[in-house]
Amino acid sequence: MKRLFSLMLLLVFSVSTLFADVDLHSITNISAGTGAVADEQDIALDGSNLYLVWNNTGQVSFKSSSNDGINWGNLTTVYGGSETVYYPVVAASQGNVYVTYWYDTAENQEIFFSRSLNNGSIFDTETQITTAINQAQTPRIAASGDTIFVAYEDRDSDWTYQIYLIRSFDAGATWSDPVNISSSDGNSRWCDIVYNGGNLCVTYNENTGSEYDDPDLFFASSDDFGVTWSTPVNITNNQAYNARLNMTVLDSTVYIVTSSKIDRIQDDIILYRSHDFGQTWESGLNISQNTGDSARPWVWVAGETPGNHRIHCLD
């Protein structure tokens with residue numbers, strides 16, 4: 001069941017931090033009056049511009065801010081058709097705004113794409129960018145100028161979930177054939193993707209055990225725009241239901257947060273970090289350690305001085 005709530009944004013993007021406390025600005029209710037159900041939100045940052053999408057009762061809503069979230073523009077409906085959409089996500093670069101999401105078609109579940117080439121003022125009519133093997137869903141997106149990467153899950157010919165990547169070098173006008181990043185024996189799901197300084201990073205979980213709640217966290221990277229990939233690395237190797245996850249990259253450091261059942265009972269938020277673009281990883285750090293469940297984490301990292309990063313995480 002979807003949660004009923006008004007979408008709210010903390011303007012400094014932080015509830016807890018590893019290194020220091022921060023002052024929280026007032027909460028802004030962005031979705032007030034736009035619908036009964038506002039959830040599955042995603043946000044992109046491009047300089048001082050913020051671009052926010054969310055699932056508004058099965059449609060895709062969009063708002064933007066040009067002053068770090070102090071003020072927000074008018075509501076735009078990116079998709080307002082008759083189908084029920086799921087998990088819209090957004091990327092932005094150099095004034096281009098790209099949105100992807102998925103919904104059921106008459107034949108299959110497919111990923112759809114809409115773009116704005118004027119900072120979100122006007123969005124093009126959607127295009128279908130996948131031809132699913134069986135079920136293409138839960139996309140994630142990264143962009144640099146006219147270059148766009150979309151990672152998503154699809155069931156292969158054996159009906160095993162795999163993580164695939166498609167690319168566009170012309171702002172979404174045309175798309176490459178999909179590349180299977182995971183090539184796993186177990187179901188691979190809930191990916192995230194980041195493009196940083198010529199390095200394309202993807203993380204996802206794969207069920208490495210016999211039970212439903214046995215997913216491990218994996219990571220792979222590419223330095224040739226996703227043509228070839230490193231061998232996926234099992235970061236966790238604990239089968240602790242490493243489920244919902246989020247990743248960011250700053251300088252050469254990769255940060256991943258995941259919701260994990262370390263004690264096999266309660267969800268905690270665990271941080272994993274690599275200082276060499278994912279070649280080696282530090283042990284996980286439990287950053288929640290509370291008495292209740294922590295899930296659906298999100299991480300944001302700011303650079304203060306070279307090698308000195310301030311990490312913020314919310315769940």
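Every number in this text was worked out from the coordinates using simple rules, so none of it is lab data. For clarity, every value in this text was computed on a predicted model and none was experimentally measured. Neighbour counts are summed over all protein chains in view; Cβ atoms, including those assigned to glycine, are modelled from backbone coordinates with ideal geometry.
Where the centre of each part is set by its Cα atoms, how far does the range 104-151 sit from the range 229-275, in angstrom?
So the separation of the two Cα centres works out to 26 Å.
Among 37-48, 190-201, how do they line up from the highest to the lowest mean number of other beta-carbon atoms within 10 Å?
190-201, 37-48
Remind me, relative contact order of the range 172-218 in percent, using alpha carbon pairs under 8 angstrom and six or more residues apart?
Here the relative contact order equals 26 percent.
Using Cβ contacts closer than 10 Å as the measure, can you line up V97, V179, V227, V299 from fewest to most? Walk me through the intermediate numbers first.
Working: V97 27, V179 17, V227 12, V299 22.
Fewest-to-most ranking of V97, V179, V227, V299: V227, V179, V299, V97.
If you count, for each residue, the other Cβ atoms within 10 Å and average over each peptide, how do 69-80, 211-222 line up from highest to lowest?
Highest mean packing first, the order is 211-222, 69-80.
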